[in-house]
Amino acid sequence: MSDKAYVAGVNMVKFAKPGLNEPYRVMASKAITGALADAGLEPKHVQQAFASYIYGVTGSGQHALYDAFQTGIPLVNVSNACASGSSAIFLARQLVEAGALDCVLAFGFDEMPRGAIEMTGTHEYSGDCIDSLLDAKGVAQAPVPIARWFGAAGDQYMDKYGATPDLFAKVSVKSRKHAANNPYALFTAPITEEEVLQSPIIYGDYMTKFMACPPTCGAAAALIVSEGFARHHHLEGCVEITAQSLTTDTPASWNDPILAIGSDNVRRAADEVYEVAGIGPEDVDVVELHDCFTPNEVIAYEALRLCGEGEATRFVENGSNTYGGQVVVNPSGGLMSKGHPIGATGLAQCCELTWQLRGTAGKRQVPDAKVALQHNIGLVAAAAVTMYRPAAF
């Protein structure tokens, strides 16, 4: 690699409930033009683009880009389950770091249907792998298959470490509290532990509706540039992609439910990022974490080494995951409050962390944020961990 990669411009539209959103082409074009404006660049500067989405057809990325600009550049569509957005950033960063290109656009969008994600297309293999494991262990079926995957992991965590559902409810309460200060969040009203625990059960005897993120529609975009390009164009507010790792499953992934939802993949990705950056988890100020279900947020605390194995209950009870604690997790409100339009999620996380490192996040600003970490997973596809810092130039 011959160059560093930087985020020069970001933008996202406020996510919406299915049926209340604009068409994906409108949302995506707004995100793209907004990212260009944020960076102070024009379409002519963009040399290539990556479009991430799940709910679309061949060429959806092209149609979305064409509504923003048509300059004839290469565009590659990316489908990598819920990690699609971070995968687009990963590909853009690789081209810039390799010195092949100087300005690459990564954008993502999705128009999700109402209700739970169906096990078709990109999720078929996930069902084969994870459901076979859970079937072999005698885990009961559930109306929502993905809730079964993450719910079984939560069951295992509670059995192994003596945790209770209150732990997961506390995480939901924290996320909603953070969302109150985010104008991009879909759900901003406060919620109590009792309300979380008493909401409708979606898995087993403990996982409730308010422990799961909602299906949503939206779009987000980021411009990834080289240092030379940024200097030449006098770009301000750039954020360095200090280190990034994208991992996939190993045979060990199918040994137990916690591993099956990607905890080992996340751990390997995080360890690589810490090693490459020369920065440890104790130095991270802010995290945007893929909290599709609150048990996954809890398990990810430990996979990212924000706390030790089995220590998540104490981590949460001590307020170590919020303002005034060790690290602020999901100042945006996370997927739980902001929503999770799959193709846009990783790029929306990038937006939030860029704003945090610029010091422009308003009421949700993490004081003196200097090191940011992004965690974005997809089943069965990828675990992406990315570290960002303010540019040094």
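The values are calculated or read from the model by the stated rules, or taken from the named source; none is laboratory data. Bear in mind the structure is a predicted one, so any value in this text is a computation, not a measurement. Every residue, glycine among them, receives a Cβ derived from its backbone with ideal geometry; neighbour counts consider all protein chains shown. In case anyone asks, the SASA skips ligands and DNA or RNA and just uses the protein heavy atoms, side chains included. Shrake-Rupley method; radii C 1.70, N 1.55, O 1.52, S 1.80 Å.
Key figures
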quantity	calculated
Residue ID - modelled with the lowest pLDDT, chosen from residues in region 96-138 that are open to solvent by 10 Å² or more (accessible area, probe 1.4 Å) and in contact with a strand residue (DSSP E or B) (Cβ under 7 Å, 6 or more places away or on another chain)	MET112
Close pairs from region 78-107: first aromatic (Phe, Trp, Tyr), partner at pLDDT 95 or above and open to solvent by 10 Å² or more (accessible area, probe 1.4 Å), Cβ under 7 Å, at least 6 apart	PHE90/GLN244; PHE90/LEU246
Region 195-217: number of residues that are charged (D, E, K, R) and either closer than 16 Å to CYS292 by Cα or in contact (Cβ under 8 Å) with a residue 12 or more places away in the chain (or both)	2
Test: THR322 is within 13 Å of HIS178 (Cα to Cα), among the polar types (S, T, N, Q), at pLDDT 95 or above and open to solvent by 20 Å² or more (accessible area, probe 1.4 Å)	yes
Among the candidates ALA383, ALA361, residue that is among the hydrophobic types (A, V, I, L, M, F, W, C), within 23 Å of ARG176 (Cβ to Cβ) and modelled with pLDDT of 95 or more	ALA361
Criterion: over 13 Å from HIS290 (Cα atoms), crowded, with 18+ Cβ neighbours inside 10 Å and either touching a residue at least 24 places away in the same chain (Cβ under 8 Å) or within 15 Å of the chain's Cα centre (by Cα) (or both) - qualifying residue of THR354, THR345	THR354
Residue in region 270-282 that is crowded, with 19+ Cβ neighbours inside 10 Å, part of a helix (DSSP H, G or I), touching a residue at least 12 places away in the same chain (Cβ under 8 Å) and touching an Asp or Glu at 6+ places or on another chain (Cβ under 7 Å) present	no
Among the residues listed as LYS170, LYS174, the single one being open to solvent by 40 Å² or more (accessible area, probe 1.4 Å), modelled with pLDDT of 90 or more and closer than 24 Å to MET336 by Cβ	LYS170
